[in-house]
Amino acid sequence: MFSTRKVLLLAALLTAPAPALVAQTAQYPAPAAAGRPQQGMMRSPIARLLEQRDTLRLTAEQVTRLEAIDRDLQQQNQPYTQQLQQLRPEGGQRREDMSDADREAMRERFEQLRPLMEKMRSNNQAAMEKAKAVLTPEQQQLAQSLMPQRRPGGRVQGGWGQRPDGSR
């Protein structure tokens, strides 16, 4: 008969690798989960490419290089992300329901956020250029078609960090 102690030890040994495996796959979820935004943060454009690894037919070497680019991008953007979270508006009140003073405060807060968002956009564009160099011409073309996505407010973000009009 197994003692309670042996059963608990066996259960602990069997479940120990699970958190490590979850940690490895959580950063770049399977393509089925790729359409859902991560809770509380925006995915980087490189993470979106990695989520499409099967569609893009990325090699193991390409995945490794893209993961390194994404880690660098996350490190570069981390201070800006933290500042954005600190300055993020509270309450989620609809603009139509706000007083004039609340709207003015929102405009001022957005003006504080603008330089941070521009720095992050610049970092994202530089990372996408690095990622582009990792991909074959065929993969670049396919990635370009996958990257434009409708953003909140109806705007479309072009692939490779371009604006919808093609400018940067």
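FYI, it's all coordinate maths here, none of it is from the lab. Worth saying up front: this structure is predicted, and the values here are computed from it rather than measured.
Per-residue 3J(HN,Hα) values for segment 97-111, derived from phi via the Karplus relation 6.51 cos²θ - 1.76 cosθ + 1.60 with θ = phi - 60°, read 8, 8, 6, 4, 5, 5, 5, 5, 4, 5, 4, 5, 5, 4, 5 Hz in sequence order (x marks Gly and Pro).
How much length is gained if the chain between residue 118 and residue 133 is pulled fully straight, taking 0.36 nm per residue apart and subtracting their Cα-Cα distance, in nm to one decimal?
Values: separation 15, 0.36 × 15 = 5.40 nm, distance 2.31 nm.
In short, 3.1 nm is gained.
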